[in-house]
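The values are calculated or read from the model by the stated rules, or taken from the named source; none is laboratory data. In this text the structure is predicted, and so the values were computed from the model without any measurement. Virtual Cβ from ideal backbone geometry, glycine too; neighbours counted across all protein chains shown. Only protein heavy atoms, including side chains, enter the accessible area calculation; ligands, DNA and RNA are left aside. Shrake-Rupley method; radii C 1.70, N 1.55, O 1.52, S 1.80 Å.
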Amino acid sequence: MEDQKVILVTGGTGLVGRGIRAAMEREGKRSDEEWHFVSSKDADLTDRAATEALFDKIKPTHVIHLAAMVGGLFRNLKYNLDFFRINSQINDNVLSISHQKGVKKVVSCLSTCIFPDKTTYPIDETMVHNGPPHDSNFGYSFAKRMIDVQNKGYHMQHGCNFTSVIPTNVFGAYDNFNLEDGHVLPGLIRKVHEAKSNNTPFVIWGTGSPRRQFIYSLDLGRLFLWVLREYKEVAPIILSVGEEDEISIKEAADLVVEAMGFTGEVILDTTKSDGQFKKTASNAKLRKYLPDFKFTPIKQAIKETCDWYMANVGTARH
C-alpha cells in the first residue's frame, strides 16, 4: 500500500483552492490522501512561528502553496514594495519550513505576469527570467519569480522536490468580483448582472480587442491534482488551454451576455485603456505529458460561473 499523503493547501479557500477541492471531490477522494484546505484565518503565513505551528498541527507530507497577497492593477501600482516584501516572506516561510519538516513535495502557484514585459510569443517555461516583468506589478512578479529560484536552490542543495505551476487567466466559482481588484471575466460578469438589475447599458472598458487564454478553475484543479501526484520536474509548467483557444475580451463579454440572458445595450468605452494586448502562453510542455486532457468548453465554463454568481451574489467577494 502506498504511503498516506497529508496534503496542506495554503490559500485553500480562494478561487484556485476551491477549484482543487471541487476537482478532488468530483473525481473521488483517494483513500491514501488526507486534505487540509487552510486560509489566512488559520495562520498568518508572514509570521514564521504561526507557520511552524500550522505545520506542526497538520504534519503535511505534501503542500500546495497558493497563499499570496494579491490585487488588481491599481493596488499593485500603489503597493509594489508591500507586494514584494509580504509575498517573499510568505514564500520563504512556507518553503523553508517545508524543508525543515521533511515535506516530500511542494507545488507552488506562480502567474503569467512574472514573464518579461518585452518578449516574444508564445511565452514558455524557459523564458521566466529573460528580462524584467511589467513595471506596474514588478513587486508581486519578482516575489513569485523567486519561488522558482528557491525551488531550484532547495533541489540542488537539499534534494527537495519543490516545483511550481504557471496558470493563465483563471476564472470560476468563488472568484473575486471586485471591479478594481478583480480580473477580466469576474468583472464582466458583475457588470452584466448590474446592468441587467438596473436596466442600464453594459459598458466594456477599452476596445475589447485584447486577447487572453482563460482556464476554468475546475480544469486547473484537475491539473493541480496531476502535478501533485505525477509531475516529477523542478522546472515550472504552464497550465493553460492552447494558443488556438485564446479569445478576445469582446468575445468573452458576448459569452457572458448570452449566459446571463442580457438583452440591453452593450457599449465599448474606448476612452479606457486596453492594457496588454496579449500574453499568449504555450501549453506544449503540458500537452507532451497530457496529450488527451479535455478542457471544459469556454461557453459551458462561463455559463457555470455565471450561474454560480447569480446563486451567490449576496456572499460572493466584491
### Inter-label distance for E233 and N199, nm, one decimal - labels placed 7 Å from Cα along Cα-to-Cβ
5.6 nm
#### Entry: log10 of Debye I(q)/I(0), alpha-carbon scatterers only, for the chain at 0.11, 0.13, 0.15 Å⁻¹
-0.69, -0.97, -1.30
### Query
To the nearest 10 degrees, how steep is helix 48-58 against the longest Cα principal axis of the chain, on a 0 to 90 scale?
80 degrees
## Note on the structure
In this structure, the FRET efficiency calculated for A53 and Q4 from their beta-carbon separation, with R0 = 22 Å, to the nearest 0.05, is 0.50
### Task
Could you give me the radius of gyration and the Dmax of the range 203-266, taking only the C-alpha atoms into account and expressing both in angstrom?
16.2, 50
### Task
Quick one: angle between helix 80-100 and the longest Cα principal axis of the chain, in degrees between 0 and 90, rounded to 10, please.
40 degrees
### Nearest-ten-degree value, helix 138-158 long axis tilted from longest Cα axis of the chain
30 degrees
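For the range 97-218, what relative contact order do you get, as a whole percent, if you take Cα pairs closer than 8 Å and at least 6 residues apart?
Averaging sequence separation for qualifying contacts and normalising by length gives 24 percent for the range 97-218.
Using a 10 Å cut-off on Cβ atoms, rank the peptides 261-271, 243-253 from the highest mean neighbour count down. Each step should come with its number before you reach the end.
Details: 261-271: 12.1, 243-253: 17.3.
Descending mean neighbour count gives 243-253, 261-271.
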### Query
What is the distance, in nm, between label points placed 7 Å from the Cα along the Cα-to-Cβ direction at L81 and at K299?
5.1 nm
### Query
lysines near K285 by alpha-carbon distance under 30 Å, same-chain residues fewer than 8 away left out - which ones?
K5, K29, K104, K105, K118, K144, K152, K232, K250, K294, K299, K303
### Query
How high is the relative contact order of the chain, in percent, with contacts defined as C-alpha pairs under 8 Å that are six or more residues apart?
20 percent
### Task
Per DSSP H run of at least 4 residues, take -39500 (n - 2.57); add these up for the chain, divide by its residues and hand me the 222 nm value, nearest 500 deg cm²/dmol.
-13500 deg cm²/dmol
### For the range 190-318: relative contact order, % (alpha-carbon pairs under 8 angstrom, 6 or more apart)
39 percent
### Segment S39-D135, length gained on full extension (0.36 nm per residue, minus Cα span)
31.6 nm
### Query
Considering amide H positions built from the backbone, and no H for Pro or chain starts, which residues 5 or more places from I204, or on another chain, come under 5 Å of its amide H?
I267, L268, D269
### Query
Pulled fully out, how much extra length does the chain show between D292 and D245, if you take 0.36 nm times their separation in residues and subtract their Cα-Cα distance?
15.4 nm
### Task
Provide the gained length on full extension for the span H318 to Q276, in nm with one decimal, where the gain is 0.36 nm per separating residue minus the Cα-Cα distance.
12.7 nm
### Task
Would you calculate the separation in nanometres between label points at E258 and W308, each defined as 7 Å from the Cα along the Cα-to-beta-carbon direction?
2.0 nm
### Query
Could you state the number of Å between the C-alpha centres of the range 76-95 and the range 179-193?
25 Å
### Query
Expressed as a whole percentage, what fraction of the accessible surface of the range 179-311 belongs to carbon and sulfur atoms when a 1.4 Å probe is rolled over the protein heavy atoms?
52 percent
### Query
Given just the C-alpha atoms of the range 233-318, how large is their convex hull per residue in cubic angstrom?
169 Å³
